[in-house]
Structures are given as C-alpha cells and as structure tokens.
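Let me begin by handing over the structure; questions about it come next.
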Amino acid sequence: MTNDEIREEIIDILEDIAPDEDLGDLDDEKSFRDQLELDSMDFLDIVMELRKRHRVQVPEEDYPQLASMASTVAYLEPKMRDIVKN
Amino acid sequence: MYDTIIIGAGMSGLAAGIRLAHFDQRVCILERHYTIGGLNSFYRMNGRDYDVGLHAMTNFSRKGTKTGPLPKLLRQLRLRWDDFQLAEQLGSEIRFPGVSLQFGNDAELLRSEIAEHFPDQVDGYDRVVGRLLDYDDLDGDNPDFLRSSREVLAECISEPLLVEMLLCPLMWYGNARQNDMDFGQFCIMFRACYLEGFARPFKGVRLILKNLVRKFRGLGGELKLRSGVSRIHVEDGHATGVVLDDGTELEGRRILSSAGAIETLRLCDDITEAEVAKAGQLSFIESISILDKQPQQLGFDRTILFYNDSERFHWQRPETGLCDVRTGVVCSPNNYAYAPDEGSLPDGIIRITTLADHDRWCALSDKAYRAEKVVQQDAAIESAIRFMPDFRRHVIDADVFTPKTIRRFTWHDNGAVYGAPEKQLDGTTHVDNLYLCGTDQGFVGIVGAIVSGISMANRYCLRPME
Ligand SMILES: Cc1cc2nc3c(=O)[nH]c(=O)nc-3n(C[C@H](O)[C@H](O)[C@H](O)COP(=O)(O)OP(=O)(O)OC[C@H]3O[C@@H](n4cnc5c(N)ncnc54)[C@H](O)[C@@H]3O)c2cc1C
C-alpha cells in the first residue's frame with residue numbers, strides 16, 4: 001500500500017468506529033484525540049481493526065505513535081507497504 | 001469450542017456479544033427465557049405492545065455529541081445515533097409535600113428550580129456538582145466511591161429536604177443499597193439523570209433490542225434461546241464449559257455471565273454454598289394503565305414524576321405488607337417529543353412503579369396472588385394521584401407485574417432489579433476465566449448495562465490477544 005492508501009484505510013476504520021463523524025476536514029497533523037474526542041477504548045479499536053483487516057500487529061508500547069493521521073501513516077508505512085490493497 | 005460463552009441475552013450480554021463477534025470470536029449467547037431483553041424485555045397482551053422496563057433511557061446526548069456514555073457505546077457497537085431514534089423527554093419532576101423541582105435535559109433547569117425553591121442552597125448544590133467523580137474515575141479505585149452519599153450531601157447542603165429530593169430519583173433509577181447510596185453510584189446516576197437526561201425511542205425497548213440482536217447475528221454471533229445454563233464446569237479454578245438445562249454440554253475458553261454474582265457462583269460446580277445473604281432486597285411492582293386519552297389531555301405532561309409523601313424518602317424493602325406506596329415513579333411514555341412523522345403513541349399509558357417485597361409476593365397462593373395484583377395496583381394508583389391528575393375513569397386496560405414475575409423471567413434472586421448492593425466492579429470471580437457483566441458488575445439501567453457488557457468484553461475477552 002502507498003501512504004495515500006494507508007491513509008484511506010485509516011479513514012475507513014475511523015468511519016467504522018465513528019459513523020456520525022464528518023472526516024472530510026480532518027487535519028492530518030492534529031491529534032485524533034482533540035479532533036474526534038477519541039479515548040483509549042477507541043484507540044484500542046483502531047489497533048484491533050488493523051489486526052482484523054490486515055493482520056498488522058501494533059504492540060502496546062507503540063500506541064502513542066497513532067496520535068495523529070500523519071504519525072499513524074508514518075508508523076504503519078513499513079508494516080503495510082507490502083500489503084496489496086483489495 | 002467457543003472463544004466466549006455469554007450467559008444471558010439482556011442488554012449487557014448482547015452488547016458484549018457484539019464486541020466479541022465483531023472481532024471474529026466464536027461467541028454464543030445462552031438465554032434461558034424464550035425471548036431476549038432480560039430485565040428490559042417486551043411482551044404483547046390483548047393486542048397491545050408492552051415494555052417490561054423502559055421508562056426512560058438515561059444519559060441522553062444530542063446527535064453529534066462526542067463525549068459521554070451514549071456516544072461511547074454507539075462507537076463501540078458500531079451503531080449510528082439514528083439507530084436508537086431517541087426522542088427527548090418533555091420534562092420530569094420531583095414532588096414532595098409542598099414543594100416540587102422540575103428537571104429536564106438541560107441541567108440548568110434543575111439548578112434554577114433549586115435557586116427558586118431553596119435559594120440559600122444553590123451554592124451547596126454547585127459544590128455537589130463540583131465534587132462529582134468523573135466517568136473515568138468510576139472503576140472503584142477512588143476512595144470516595146464507597147462513601148455514603150448522604151454524608152457527602154450533608155457536607156454540601158444544609159437543608160435535609162433538598163437532600164431527600166435529590167436522592168429520590170437517583171435511588172429509584174439505580175441504587176441496589178437500602179437507605180443510602182454509594183457515592184460512586186450517586187455520581188453515575190446524577191450525571192445520567194440530572195446532567196444528561198432522559199429520552200426514549202418511539203417504538204420503545206423493542207427497537208433497541210432489535211438493533212442489538214440484528215447486529216450480533218449479522219456478525220456471525222450465535223444466540224440460543226430456551227437455553228438456560230444449569231451448571232458451569234470448573235476444574236482447578238478454571239471453567240471449561242457449561243451444561244444447559246436439557247443436559248447439552250458446551251465448551252468455552254471463557255465465560256461472561258450477566259446472571260448476577262450470587263446466581264453465577266451458584267452455577268459453578270465447585271461451590272457448595274453461595275452467600276445468599278448478600279443478594280439484593282429491592283424489587284418493584286409495575287402497574288401499567290392504558291387510557292382512552294393521551295395523558296396530556298388529562299392535564300399530565302410530565303415524562304417521569306418521582307413522588308414521595310413525606311419529608312423523608314424511605315428507600316427500603318417494605319417493612320410490612322406487599323408494597324410500600326409512600327414513594328413511587330410515574331412514567332408516561334406519551335410525554336416525549338417524538339418526531340412529527342412518528343406522531344403520538346396509539347394509546348395513553350401511565351406506568352407506576354412501587355417498592356415491593358419479593359418474599360411476601362411469592363408466599364401468596366395463586367388465588368391470593370391474582371387478587372393482590374388488583375388490590376396493590378389500586379393502592380399504587382391511589383397513592384400516585386395525590387401528585388397527579390386522577391386518570392382512573394379513563395383506564396381501558398391494565399397489567400401489573402410483581403417481584404415474582406421479575407424473578408420468573410430473569411432468574412435474579414429476590415427479583416432484585418438492581419442486583420446486589422456489593423458490586424464486583426472489576427468483574428472477576430473465584431474462577432480465573434469466568435467474569436461478570438451487567439447488574440452485579442456495577443452498572444445498571446439500559447445504558448449502564450450496555451456499557452458494562454462492552455467494558456468487560458474489552459477488558460477480559462479481547463485484550464490478551466495471543
Ligand atoms: C420494572 C423495571 C423498570 C426499569 N426501568 C428502566 C428504565 O426506565 N431505564 C433504564 O435505563 N433501566 C430500567 N430498568 C433497569 C434495566 O432494565 C436493567 O438495569 C438492565 O436491563 C439490566 O441488564 P443486564 O444485562 O445487566 O441484566 P438482565 O437484563 O437481567 O440480563 C440477564 C439475562 O440473563 C438471563 N439468565 C439468568 N440466568 C440464566 C441462566 N442460568 N442461563 C441462561 N440465561 C440466564 C436472564 O433471563 C436475563 O435475560 C428497569 C427494570 C425494571 C425491572
């Protein structure tokens with residue numbers, strides 16, 4: 001997956017977690033927590049969705065890397081680069 | 001072999017099931033009754049739909065709100081706000097002799113009512129609000145959690161009548177302890193009722209249950225009705241599976257039970273004696289009157305009315321007799337702001353809840369039981385109409401259910417609606433892979449039970465991911 005595809009995938013997961021949310025004007029540099037009021041339960045869900053959908057494992061000590069869209073994409077790039085988007 | 005076996009298809013069991021099925025577990029919900037819902041189910045009688053429990057969903061928040069229990073549970077269950085189609089209350093009220101306080105979904109209303117009726121207590125009320133524990137502090141670790149609410153309130157408010165009035169709705173909607181309330185539970189209920197407020201779907205609890213069960217099944221979850229668990233197999237402190245009432249054996253890696261703490265322990269085949277003395281004591285009768293008019297046409301526009309006929313609010317099992325009608329809750333499901341395309345409910349409905357004694361109801365002969373249902377319904381209505389318009393001429397149908405009914409269809413000891421007073425907030429038991437959710441884990445009410453199911457599923461059934 002390219003970085004753009006990874007971003008799209010994260011948007012898809014966020015849409016699933018927060019279906020009432022308008023993600024169109026999400027600022028990639030700002031934290032998810034501040035923009036979407038995501039709490040620790042929601043972060044756990046992002047991690048579990050990644051595992052469920054792509055078999056990508058995110059160990060607990062890496063959770064802080066998922067703070068914003070930009071940092072999440074950067075963190076996932078090496079883990080997801082070889083996954084083929086379907 | 002199931003990844004998780006869930007006992008009970010009430011709100012908490014269904015919510016837990018959705019979480020686990022969503023993350024691809026093989027999960028089975030076992031329910032002894034022939035239908036889902038538990039303490040908040042529904043039934044049909046004389047061609048009419050009845051809800052068992054639903055007066056009001058607490059913890060209302062408007063569409064688009066991102067914080068609070070309701071948005072949180074919707075996200076966790078991957079539901080949309082519109083799936084519950086919540087209509088807001090018109091307004092609720094606490095009525096004691098000589099004084100009433102209105103409250104609604106705007107927290108400012110209650111504060112202004114207190115300013116009007118108890119002008120020198122507003123600062124004290126603000127101090128109470130300032131001392132409330134946050135939802136994040138409610139895992140029981142906070143030392144204030146188990147304090148006496150009466151004590152904390154007395155430190156802030158010097159007018160005992162106001163203390164009683166504030167406690168009345170909160171105890172009615174979620175207190176398993178007699179006479180006093182754990183401060184943590186007080187905080188949960190205060191936010192749920194006074195700061196967030198009440199709402200209801202036009203179609204009642206059916207809509208909520210239908211959405212939960214559809215979601216669960218859509219994710220591949222299995223639901224087995226008429227499948228009571230009669231035994232939990234325990235070997236060396238580890239559960240290996242369950243035995244159903246008909247003898248069928250099912251294996252599971254872990255078990256999550258919403259049957260109640262004592263009720264669950266009693267199922268474990270390594271326990272010879274469960275501590276029955278610790279079971280909850282508070283149960284209700286619910287008297288439902290169907291009217292030929294909408295309650296508003298009779299001059300009653302309150303959504304929920306909590307009344308008490310003296311200055312002191314008595315929250316305890318009736319000391320004598322089958323029921324204690326000194327206090328009660330009146331709910332009219334008609335008095336919600338339903339959307340224009342929904343219109344109004346077909347019948348006028350008045351529901352009255354009264355404290356009742358389980359043992360005395362169960363000791364009656366069949367004949368006496370049937371007769372007492374009528375007598376006690378009349379007594380409940382007679383008590384309530386001291387605080388609302390007399391609607392008796394307009395009654396065209398009625399139903400009553402008792403602690404015996406509640407017990408018969410939910411198998412909770414004593415028909416205790418809010419379970420045991422000692423909660424097991426961390427959800428653990430003496431068995432290392434058997435956990436509690438729902439009423440006895442500590443969160444009650446519809447929203448509370450759903451949140452409980454979600455958090456126990458997350459904490460014990462999803463987290464340690466191999
Ligand atoms: C009259 C009344 C009015 C209420 N009004 C409101 C209200 O207005 N608003 C609100 O928010 N809440 C209300 N409640 C409270 C609310 O209904 C409960 O707090 C909530 O539904 C509890 O859900 P639960 O999942 O914890 O437990 P339950 O609903 O009791 O679920 C437990 C399930 O386990 C099943 N079970 C038990 N033993 C076994 C076994 N051995 N094997 C298989 N299955 C078993 C039971 O049949 C039951 O379905 C009311 C309750 C009552 C009774």
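Treating cross-link reach as a plain straight distance, find the lysines whose alpha-carbon is under 18 Å from the alpha-carbon of A:K30, omitting any fewer than eight places away in the same chain.
A:K30 reaches B:K66.
At R0 = 51 Å, how high is the FRET efficiency between B:R326 and B:D134 if r is their beta carbon distance? Nearest 0.05 is fine.
It comes out at approximately 0.90.
Further question on the same structure: Nearest 5 is fine: what % of DSSP beta bridges in the protein assembly as shown come out antiparallel, could you say?
Restricted to the protein assembly as shown, the bridges split so that about 70 percent are antiparallel.
Note down the Stokes-Einstein diffusion coefficient of the stretch A:3-80 in µm²/s, whole number, using a Kirkwood radius over alpha carbon pairs, 37 °C, and 0.692 mPa s.
263
Name the long-range amide H neighbours of B:T429: under 5 Å, sequence gap of 5 or more, or other chain; modelled H, no Pro or chain starts.
Amide H neighbours of B:T429: B:L434.
Quantify how strongly other chains surround peptide B:16-28 by giving the mean number of their Cβ atoms within 10 Å of each of its Cβ atoms.
1
Order of B:F96, B:F118 from fewest to most other C-beta atoms within 10 Å? Walk me through the numbers before you get to the answer.
Working: B:F96 22, B:F118 19.
Ranking B:F96, B:F118 by Cβ neighbours within 10 Å, fewest first, gives B:F118, B:F96.
Based on Cβ point charges of +1 for Lys and Arg and -1 for Asp and Glu, what charge dipole magnitude is obtained for the protein assembly as shown about its Cα centre, in debye rounded to the nearest 20? Before the final figure, lay out the partial values.
Values: 63 positive and 91 negative charges, 413 e Å.
In debye, rounded to 20, the protein assembly as shown gives about 1980.
Based only on other Cβ atoms within 10 Å, what is the fewest-to-most ordering of B:D440, B:D246, B:D137? Display every interim value, and only then the final one.
Numbers: B:D440 31, B:D246 9, B:D137 14.
Ascending number of Cβ neighbours within 10 Å: B:D246, B:D137, B:D440.
Right, here's the next one. Give the aspartates and glutamates whose C-alpha is closer than 19 Å to that of B:K210, dropping any in the same chain fewer than 8 places away, or say none.
Answer for B:K210, where 19 Å is the Cα cut-off: B:E31, B:D49, B:D51, B:D82, B:D83, B:E222, B:E342, listed by chain and number.
Averaged across the residues of A:34-40, what count of C-beta atoms belonging to other chains lies within 10 Å of each residue's C-beta?
The shielding value for this peptide is 3.
Here is a further query. Rounded to two decimals, what ratio of Rg to Rh does the stretch B:202-333 give with C-alpha atoms and a Kirkwood Rh?
1.10
Of all alpha-carbon pairs in the stretch B:125-229, indicate the percentage at a distance above 18 angstrom. Write out the running numbers ahead of the final one.
Numbers: 3270 of 5460 pairs.
Counting every Cα pair in the stretch B:125-229, those more than 18 Å apart make up 60 percent.
Would you mind ranking B:H55, B:H394 by Cβ crowding within 10 Å, fewest neighbours first?
B:H394, B:H55
Quote the charge dipole size of the stretch B:281-408 about the Cα centre in Debye, to the nearest 20; the model charges only the Cβ of Lys and Arg (+1) and of Asp and Glu (-1).
340
So how strong a dipole does the stretch A:1-65 carry about its Cα centre when Lys and Arg Cβ are +1 and Asp and Glu Cβ are -1, to the nearest 20 debye?
For the stretch A:1-65, the charge dipole is close to 440 debye.
Taking every pair of distinct Cα atoms and averaging 1/r, then inverting, what Kirkwood hydrodynamic radius in Å comes out for chain B? Don't skip to the answer; put the middle values down first.
Numbers: mean 1/r = 0.0443 Å⁻¹.
Mean inverse Cα-Cα distance, inverted, gives 22.6 Å.
At 7 Å along the Cα-to-beta-carbon direction for both A:R51 and B:Y369, put a label point, then send me their distance in nm to one decimal.
Placing both labels 7 Å beyond Cα along the Cβ direction yields 4.8 nm.
Still on this structure, please answer the following. Could you work out the mean count of beta carbons from other protein chains within 10 Å of each residue's beta carbon in B:61-73?
Taking all residues of B:61-73 together, the mean is 2.
Based on the Cα gyration tensor of the protein assembly as shown, what are the three equivalent ellipsoid semi-axes, each the root of five times an eigenvalue, rounded to whole Å and given largest first?
39, 29, 23
Counting each pair of different Cα atoms once, what's the Kirkwood radius of the stretch B:281-408 in Å, rounded to one decimal?
After inverting the mean inverse Cα-Cα distance, the result is 15.3 Å.
Readers should treat all values here as calculations from the given coordinates under stated rules, not as data from a laboratory. This structure is a prediction, so every number in the text was calculated from the model and none was measured. Note that each Cβ is placed from the backbone with ideal geometry, even for glycine, and that neighbours are counted across all protein chains shown.
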